[in-house]
Amino acid sequence: MIKLKKLSVYLDNCCFNRPFDNQQNVIIRIESEAKLFVQELILKNQLNLVWSFILDFENKDNPFLERQQRISEWKNLACIDCILTDEIRTQASYYMNLGLKQKDAAHIACAVSANADYFLTTDKGILNKQITEIQVVNPIEFVRRYLND
């Protein structure tokens, strides 16, 4: 399969943490596999990873040190690392007015600011919002689209 343009993806904190969740639930297990596949594509340089200050902030609050360290290693593979700017603040306020929580709004604002093609999340609260500036999907849907393009 030949991709003409390398896609950029932004994975939020719940997406990065999905493989650490209880794998007894089949949906969680499938989302974990899909997320790991996305990471494999990043490692193979077939996808660009976008990182942000809010990923750093949330990950530092992770009470599980091993998870925190394993997630933070992905920052080194990112092609973009978004810092907090006035533009991102303004965009995050817009998403908060749509009903998103502050941190979720910051994630979306960073992904949009970095011109990421996809925002990957397992958070139903985000997935159920009408966000038009970026394609917001769970990892399963992303893999389905990626493999069908």
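The values are calculated or read from the model by the stated rules, or taken from the named source; none is laboratory data. All values derive from a computational prediction rather than experimental measurement. No Cβ is skipped: glycine too gets one built from the backbone with ideal geometry, and neighbour counts run over all protein chains shown. Accessible surface areas use protein heavy atoms only, side chains included; no ligands, DNA or RNA. Shrake-Rupley method; radii C 1.70, N 1.55, O 1.52, S 1.80 Å.
Quick look at the numbers
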item: Accessible surface of the chain [probe 1.4 Å, protein heavy atoms]: carbon and sulfur percent; result: 50 percent
item: Total charge dipole magnitude, the chain, about the Cα centre, Cβ charges on Lys, Arg, Asp, Glu only, Debye to nearest 20; result: 280 debye
item: Inter-part distance where segment 1-79 and segment 101-149 are each reduced to a Cα centre, Å; result: 13 Å
item: Check: segment 63-105 dipole with +1 on Lys, Arg Cβ and -1 on Asp, Glu Cβ, in debye; result: 160 debye
item: Check: segment 1-81 dipole with +1 on Lys, Arg Cβ and -1 on Asp, Glu Cβ, in debye; result: 380 debye
item: Those Cys residues of the chain for which no other cysteine Cβ falls under 4.7 Å; result: Cys14, Cys15, Cys79
item: In the chain, lysine pairs with alpha-carbon atoms under 25 angstrom apart (chain gap of 8 or more, or interchain); result: 28
item: Theoretical ellipticity at 222 nm over the chain - DSSP helices of four or more residues, -39500 (n - 2.57) apiece, nearest 500; result: -15000 deg cm²/dmol
item: Solvent-accessible area per residue, Å², over segment 21-82 with all protein chains present [probe radius 1.4 Å]; result: 60 Å²
item: Gained length - Phe53 relative to Ser93, 0.36 nm times residue gap less alpha-carbon distance; result: 12.8 nm
item: Under 5 Å, built H, 5+ apart or other chain: amide partners of Leu7; result: Asn48
item: Separation in nanometres of the label points that stand 7 Å from Cα toward Cβ, at Thr132 and Asn25; result: 3.2 nm
item: Label-point separation, Arg145 to Phe37 (7 Å along Cα→Cβ), nm; result: 1.5 nm
item: Mean Kyte hydropathy of -0.5 or more with a Cα span along the axis of at least 18 Å, helices from DSSP in the chain; result: 26-43
